[in-house]
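The values are calculated or read from the model by the stated rules, or taken from the named source; none is laboratory data. What you see is a predicted model; the values in this text were computed from it and never measured. With ideal geometry, Cβ positions are generated from the backbone for all residues, glycine too; neighbour counts draw on all protein chains shown. These accessible areas exclude ligands, DNA and RNA; they are computed on the full protein's heavy atoms, side chains included. Shrake-Rupley method; radii C 1.70, N 1.55, O 1.52, S 1.80 Å.
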Amino acid sequence: MSERASFPQMSLSSTTESHSEEEQDEGLNDSVDERVKVSPAPSLTNFSSSLCAVIRIKQKYQALKRRRQEKVLARGGSGSLVGLPGHASPKIFTFDPLSLPGAQTSSGPQKKKRRKRKVLFPERQGRRVAPGQEHSRAKYCLYLLCTIVFLQVYNAIENLDDHVLRYDLDGLEKTMRREVFGQQVAVESLMTHLKDYLSTYVHNKPLVISLHGPSGVGKSHLGRLLAAHFRSIVGEPLVLQYYVLHHCPLEDDAPRCARDLAILISMTVERAEEEEKIPVFVFDEAEHMHVEILDALRRLVAERRTNEYMNTIYIFLSNLGHQDITKHMLHNASSVASSDLAPILRQTLSQLHPLWAEATLVPLGLLEKSHVTECFLEELTREGFYPDRNNIERLAAEITYYAVVAGREYSRTGCKQVVSKVNTL
């Protein structure tokens, strides 16, 4: 209560002092105005006296100002400002912060956070701007290259099915499985090579496949099926069946036959390139080919030529190496695999001519008695005979066979005599 009672007295005394100070300031100002009005015409003495009066007034004003500040500090800073109306506050402006009662002042100067200045670089327009992040051109080129490679791979994958569907390789495989007996492994190997090669139109070498096996195992029948299928796909002019004993029976004509064959293959390849197709050349009875013809074919296959010669399929049908195949199958009847026959066959053929080193060898094995029975059934059905099982067994028994090995009975002539046997009925 004593503090509340003393507060109006302090405020009243401060108001009276402020009013008295204002009256003194007004009196000083009036005296200055009167001196200025009463002063006569300007002269050097009058000017000096006026200057002295102004200096004295300024000194007195500064003394009064210091006195007011000392009184405010003696009263406790801004304690006299609490609860007073707006006109009772002191009219002296200072940059010192006002401290309210109960407020805690921080000890020591506050540290200002330093802001990092951006490094500015001049531009052509004359203004200074912050540098932007630079991007390397090599990075954009790398992104573009990756995009192109991705599109090429995607396009190749899309074209893979298109090429397979275009050449109807699934239909060809079904036909060969249905009409070629006892050569399932050879058919799978042949179709694998054809699918891999025909899946794209860009190649670094031609496809050369050589089918080897004993007589009557289905080599010529496979060649006829392949030629008929590709004629229906690429056309008659782009499929060539070459029989050595028919086209070049005399050995003296071998050089001329080799030149004519090379010209014919070149013309067919150029035509296929214009039509964007792959030509197919089937050479039957390749064991009767003369050396000149083999040399001409090797130059077409092995030598580095233009791209159209790389998009070509060569299929050779031969009984070269049939002794090795027969011997191996009779001695290993319990576990016979085509992977075992291929190295043996390649070792034999590499000694005959360098052309066979450029070819993919597909061996055809001996046919068993059950396969010969299927051949008779197929031929009788084709000729319109009733497929009597007893009649088929009787005809199959007339074929000569090797001795039974590991429960297998292999035919010596395969299905070669089936047609002649059926024609006697």
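In this structure V185 has an accessible area near 80 Å², from a 1.4 Å probe over the protein heavy atoms. Around the amide H of V405, modelled in the peptide plane, lie the amide H atoms of Y410, all under 5 Å away and 5 or more residues distant in sequence or on another chain.
Here the spin labels are modelled as points 7 Å beyond Cα on the Cα-Cβ line, and at N391 and L352 they lie 3.9 nm apart. Kindly identify segment 310-411 as rounded, prolate or oblate by the Cα gyration tensor criterion: order the square roots of the eigenvalues as a ≥ b ≥ c, call it rounded if a/c is under 1.5, otherwise compare a/b with b/c, prolate if a/b is larger, else oblate. Note, shape of segment 310-411 comes out oblate. Heavy-atom accessible area for D295, with the other protein chains in place and a 1.4 Å probe, reaches approximately 60 Å².
Rounded to the nearest 20, the Cβ-based charge dipole of segment 161-306 about its Cα centre (Lys and Arg +1, Asp and Glu -1) stands at 220 debye. Place +1 on the Cβ of every Lys and Arg and -1 on the Cβ of every Asp and Glu in segment 239-386, take the dipole about the Cα centre, and give the residue among M289, C248, A272 whose Cα lies farthest towards its positive end. Result: M289, furthest along the dipole toward the positive end. In the assembled protein chains, H331 presents an accessible area of approximately 140 Å² (probe radius 1.4 Å). Taking I265, I55, I233 and ordering them by how much accessible surface each has at a 1.4 Å probe, largest first, produces I55, I233, I265. Each residue of segment 218-227 was assigned a 3J(HN,Hα) from its phi angle through the Karplus expression (A = 6.51, B = -1.76, C = 1.60, θ = phi - 60°), giving x, 5, 5, 5, 4, x, 5, 5, 5, 5 Hz with x at Gly and Pro.
Annotation: amide H of F283 within the under-5 Å range of Y242, I315, F316, L317, sequence separation 5 or more or interchain, hydrogens built in the peptide plane.
Spin-label model, R231/Q69: points 7 Å from Cα along the beta carbon direction are separated by 12.2 nm. Ordered by 1.4 Å accessible area with all protein chains kept, L145, L367 run largest first as L145, L367. Using only side-chain charges placed at the Cβ, +1 for Lys and Arg and -1 for Asp and Glu, the dipole size of segment 318-425 relative to its Cα centre rounds to 200 debye. Per-residue extension of 0.36 nm, minus the Cα-Cα distance of I57 and L250, leaves a gain of 54.9 nm for this segment.
For the pairs K139/K205; K205/K277; K205/K416; K219/K327; K195/K369, flag any whose C-alpha to C-alpha distance is greater than 26 Å. Where the Cα-Cα span goes over 26 Å, the pairs concerned are K139/K205; K205/K416; K195/K369.
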